[in-house]
Amino acid sequence: MRKRLGVVLGLLIAVVLLAATAQAGTRGSKVTTVTLSGWSSGPDEDALLQQVVNNFNKSHPSIHVDYSVINGDYGTAMTARFAAHNPPDVFYVDSSVAGSWAQQGVLQPLNGYIKSSKYDTSKFFPSLLGAFTVGKTIYGFPKDWSPLAMEINKGMLGQAGGRAPTNWASLQKVAQTMASKDVTHGGKPICLSPDWARMLAFVYQAGGSLSNITSPAAAAAVNFYVGLMNKGLATTPDKLGSGWCGEALGKGKAAIIFEGNWVLPYMKSTYPNVQYGVFPMVKDKTGGNLAFTVSYSLAKDSKNKQAAWTLLSWLAGKQGMTQWVSKGLALPSRSDVKAIGGRQAFLSAAPFAHGWGFGNPHFSAAYTVMNNDLTAVIAGSKSVASMLSDVASALKG
Amino acid sequence: MATASQAAPAPRSSMLGARLREAGWGYGFVAVPIVVFGLFFVYPFGYAIYISFFHWGILGKQAGAAGTFNYHAVLHDRVFHIALKNIAEYTIGVVPLEMALGLSLALVINQKIHGRNFFRSAFYFPSIASSVAITTIMLYIFNSDGLFNHIIGSHTPWFQSAGTAIWSLVGLNAWTTSGTVMIYYLAGLQAISTDVYEAAALDNTGAWRTFWKITFPLLRPAHFFVLVVFGIGALKLFDQAFIVGGGSGGPNNATQTPVLYIYRDAFSNFDFGKAAAAGVVLFVIIFTLTLVQRLTVGRQEAA
Amino acid sequence: MTLQTSVAAAEPFIPGRARSAIARKAFFYVVILAVAAVFFIPFLWTLATSFKTIPDSVNVHLIPHPWTSSAWRAIWTQYDFKLYIKNSLFLAVVVTGCNLVLSGLGGYAFARLKFPGRELLFLLVLGTLMVPDQLRLIPVFVMLTNWHLIGSFSGYILINLVTATNLFFMRQYFLTIPKDFEEAAKLDGAGPIKTFWKIMLPLALPAISALVILQFQGTWNDFFWPLILFGQGSPHLYTVQLGLAELNFTYSTLWPQICAGSVIAILPILVVFLAFQRYFISGVVSAGVKG
């Protein structure tokens, strides 16, 4: 046993020395390598983006793009790389953290490149581009977006009269009919996430806004949202045995949910037999919705900024984006690119959608406070007014 | 215990030489570990202490003079207090449970029972799976209408309710670590000479008394190890709390832990100075507790 | 503790004792079988789900409806699990081996060799357990980046050469070995290395087994550091855990594939466990004393 141990140890040392010399390969000097990174939202998305990147490589022979997905804590992995001054050249930035990353100085302002290449940014939807703009400085181009829409189980809607609700009053009425007929067999008519990333849409519908969150309009919206739960017409996904409302819809535990474009591929692959319709988000005093969007941004510490800019501008440009949205996995963020059919319920929200994140550097910190308070309000252990004042001070930093 | 025969008293110079040589070997044996720990633990911790007195962002020092403002912010933060309360409840719940479970399992499979290998593998199973996999599976089983609730006829979302979240985590982690604790106690049990048991059998000592008066005390080095390592591990709870609470520490801060607090300050708010201050506070707490353990359970140990 | 010769204790004959003994034994086996079943169920569920279709995978029952091996085929073809297993195996073997050597020597030194500052250094070792990974992530990562150790396995191996847990454990174990052995070795004129190699190591077989099992598993299941060190730009270095993470998406979890991957991930650890757990034999120490 001991002799074997000795041999094994000797081999181990040899192997460790070998490993120390293993390095990633390098390319010839005529071709610039640009690294592109993002997270993974679905197996089809990864494959599609790789295809788009391959097309770029073919049409731009002097640039080679290395695309790699970060399959885990994207924020932490990126932060570590920023701190080590060794980030990927082009990468995703979620609108909710764009403000903080810009403030930390890790994003390259794009205004100079826009000017020198005479890039036309007017084609981007203003609210989407605005999510990545601080003052007059642009820190990224939105690559796609999705607002919230209302998804309703067709069979259950039929049992409640067959007409999809269009405003708060009709929403409540339809839910009441559904509840009295127990269409969900023990579930609840509406699934509501205990999440400001859904409830905030209702605040805008009531005429409120995040910048003035302590207004009576905002309080009215929260009271309506939580009120639906107190009236037994709605509940949170965990009480329906689900991780999120999409799962509740699939399991037949909820008839009405409010989710974005991402619920479509999910339902198709996981619950293909559930018949549901996609309807525009309800309105109240006005239309109100949230725009969830992600940008392509350039690293301040990138060593190949010009080549990276070429990639970025192409991906977010008409050509790249047309290929990206061709499978309907996301909606185009440019007005000169058409979405595939069947997405009208989402596209009609464009005029009312507010970019989630709002360019506020304190947003991601405030978001945690916001949601913890909301779960307390839903449980009845905190008042709405107290939560709204917490939110207001958290957003100021 | 057999006594070593003493050689005739050696001259003082060679005794000193022997001691120097032993010290040399001692340092030699611990050299590499100490260097590794120094580089990858002591230096980063020293760095953390340094930046805890500044405003510190991703790219380094930000404007503002040095001061204890970060410590002030952390110690007066209601959320940090909740995190401390949660982790205290969690640790007091999980550590005794882990030790009891692990020791029981070790005792069971240390005997000559039929299918010993099978049982060893079965008891070790929950510890094998990665924490992400097992937590996801358990989240599924303990859903509001998952397998567990089907059996006991309840509808409580065990991991998602503010009241039951921490205790569900206690149950989950005690179960998954019991296999690991079992292995450590198994190893410790092997070191107890069978002579002890034979002597006890000769005296007609019952099984329970043999365990309590003989086995249990002889496992003291193992107890100290398990208490310290798993106690510290409990105080550093992060993975499962993150998965269960979705990283926000919710619902309503029920899954807030000190390490989650540090993590969010660092990687969500980019307030590295404050995160470092919280880390130093946590370290002081853990260090004090460990020192107490060392002075009580870990006494009478040194060679 | 005196050396004694073993004497089989004669049991007095008491009527009825045989039957109650059997009843107690039966009860004992029922209980531990039930416990084993509870411990096994999640694994059974994982195995079963790996043979389900995606729509069926969200259901609770243990029998797939319909039965399909598409998840297994997808794992093998779409994802490079052969490479991931190779990488994980390499890291686990190297890290376990290094830990074995360094913890063995270090643990022995802390338990039995006298050197000034020993208790203080040991406190330092314990101290490393109290620093959470999240706190030391940035300084460690910046250090490894500056030394160009990010795009290869070397960085990971370097920071995992030895852990305080293993060192602490070996020390505790060496403390329980009676000093008779070393005194005997000293009389024979053996130095620390010889004593360690010929005497302490064989006596520490149960501890070594425990360390091999647990460290192999720890490295195999490690997700955090491989993610940070290889997770971006180095897909050729991916471990099994990173491969599994490829199957986790925000809004569409491929349960059957994840379960199939998890089964693949668990098997090597099980093999190592079964191979080394038979060294947990009682009486290794006492045999040495008698001999």
>> Using a Cα-Cα cut-off of under 23 Å, which lysines could be cross-linked to residue C:25, ignoring same-chain neighbours fewer than 8 residues away?
In response: B:112
> By average Cβ neighbour count within 10 Å, what is the ranking of C:48-54, B:144-150 from highest down?
Replying inline: C:48-54, B:144-150
>> Inside 10 Å of the C-beta atoms of C:160-166, what's the mean count of C-beta atoms belonging to other chains?
In response: 5
> Can you list the HN-Hα couplings for segment A:296-308, worked out from phi with the Karplus curve (6.51, -1.76, 1.60; θ = phi - 60°), rounded to whole Hz and with x for Gly and Pro?
Replying inline: 8, 10, 10, 7, 4, 8, 5, 9, 9, 4, 5, 5, 4
> Which of the peptides B:177-188, B:240-251 is most tightly packed, and how do the rest follow, going by the mean number of other Cβ atoms within 10 Å of each residue?
Replying inline: B:177-188, B:240-251
> Once you sort the root eigenvalues of the Cα gyration tensor of segment B:77-302 as a ≥ b ≥ c, which label holds: rounded (a/c under 1.5), prolate (a/b larger than b/c) or oblate (the other case)?
Replying inline: oblate
>> Please report the spacing between the Cα centers of segment A:44-79 and segment B:56-96 in Å, no decimals.
In response: 37 Å
> If contacts are Cα pairs under 8 angstrom and at least 6 residues apart, what is the relative contact order of segment B:77-302 in percent?
Replying inline: 28 percent
>> Can you work out the Karplus-derived ³J(HN,Hα) for every residue in segment A:76-84? Use 6.51 cos²θ - 1.76 cosθ + 1.60 with θ = phi - 60°, whole Hz, and x for glycine or proline.
In response: 5, 4, 5, 4, 4, 5, 4, 5, 8
> So who's got an amide H within less than 5 Å of the one on residue A:67, skipping anything under 5 residues away but keeping other chains? H placed 1.01 Å off N, in plane.
Replying inline: A:36
> How many nm is it between the label spots at residue C:180 and residue A:230, if each spot is 7 Å from the Cα in line with the beta carbon?
Replying inline: 7.7 nm
> By DSSP, what percent of the beta bridges with both residues in the protein assembly as shown are antiparallel, rounded to the nearest 5?
Replying inline: 60 percent
>> Can you show me the helix-derived [θ] at 222 nm for the protein assembly as shown, built from DSSP H runs with n ≥ 4 at -39,500 (n - 2.57) apiece and divided by the number of residues, rounded to the nearest 500.
In response: -18000 deg cm²/dmol
> How much net charge surrounds residue A:47 when only other residues with a Cβ under 13 Å from its Cβ are counted (Lys, Arg +1; Asp, Glu -1)?
Replying inline: -3
> When you look at the Cβ of every residue in A:368-380, what mean number of other chain Cβ atoms sits within 10 Å?
Replying inline: 5
> Once phi is turned into ³J(HN,Hα) by the Karplus curve 6.51 cos²θ - 1.76 cosθ + 1.60 with θ = phi - 60°, what whole-Hz value does each residue of segment B:156-164 show in order, with x for glycine and proline?
Replying inline: 6, x, 4, 7, 9, 8, 4, x, 9
> For chain C, which DSSP H helices look membrane-span-like by this rule: Cα extent along the axis of 15 Å or more and mean Kyte-Doolittle of at least 1.0?
Replying inline: C:17-49, C:81-112, C:118-128, C:255-276
> Kyte-Doolittle mean at least -1.0 and Cα extent at least 30 Å along the axis: which DSSP H helices of chain B qualify?
Replying inline: B:12-37, B:78-110, B:165-190, B:272-296
> Can you list the residues, at least 5 places off or on another chain, whose amide H is less than 5 Å from the amide H of residue A:348, using H built in the peptide plane?
Replying inline: none
>> Restricting to Cα atoms and excluding each atom paired with itself, what does the Kirkwood estimate give for segment A:276-371 in Å?
In response: 16.1 Å
> Across the residues of C:172-183, average count of Cβ atoms on other protein chains within 10 Å?
Replying inline: 5
>> Only bridges whose two residues both fall in chain A count here: according to DSSP, what percent of them are antiparallel, nearest 5?
In response: 55 percent
>> Within segment B:104-124, name every residue whose backbone N is under 19 Å away from a label modeled 7 Å from Cα of residue C:62 along the Cβ vector.
In response: B:118-124
> What is chain A's relative contact order, in percent, from Cα pairs under 8 angstrom and six or more apart in sequence?
Replying inline: 25 percent
> Once amide H atoms are placed 1.01 Å from N in the peptide plane, what residues at a sequence separation of 5 or more from residue C:249, or on another chain, have their amide H within under 5 Å of its amide H?
Replying inline: C:254
> Excluding same-chain residues fewer than 8 positions from residue C:52, which lysines have a Cα within less than 24 Å of its Cα?
Replying inline: A:251, A:253, A:268, C:82
>> I'd like the distance separating the alpha-carbon centroids of segment B:199-239 and segment C:223-274, in whole Å.
In response: 35 Å
> Using the alpha-carbon centroid of each, what span in Å lies between segment C:53-85 and segment A:134-210?
Replying inline: 34 Å
> When you count, for each residue, the other Cβ atoms within 10 Å and take the mean per peptide, how do C:128-136, B:103-111, A:61-69 rank with the highest first?
Replying inline: C:128-136, B:103-111, A:61-69
> Label point 7 Å out from residue B:50 along Cα-to-Cβ: which residues of segment C:99-143 have amide N under 20 Å?
Replying inline: C:128, C:131-143
> Shape call for chain C from the C-alpha gyration tensor, a ≥ b ≥ c root eigenvalues: rounded (a/c under 1.5), prolate (a/b greater than b/c) or oblate?
Replying inline: oblate
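Just so you know, all these numbers are worked out from the coordinates, no wet-lab data involved. Note that the structure is predicted; figures quoted are calculated from it, not measured. Note that each Cβ is placed from the backbone with ideal geometry, even for glycine, and that neighbours are counted across all protein chains shown.
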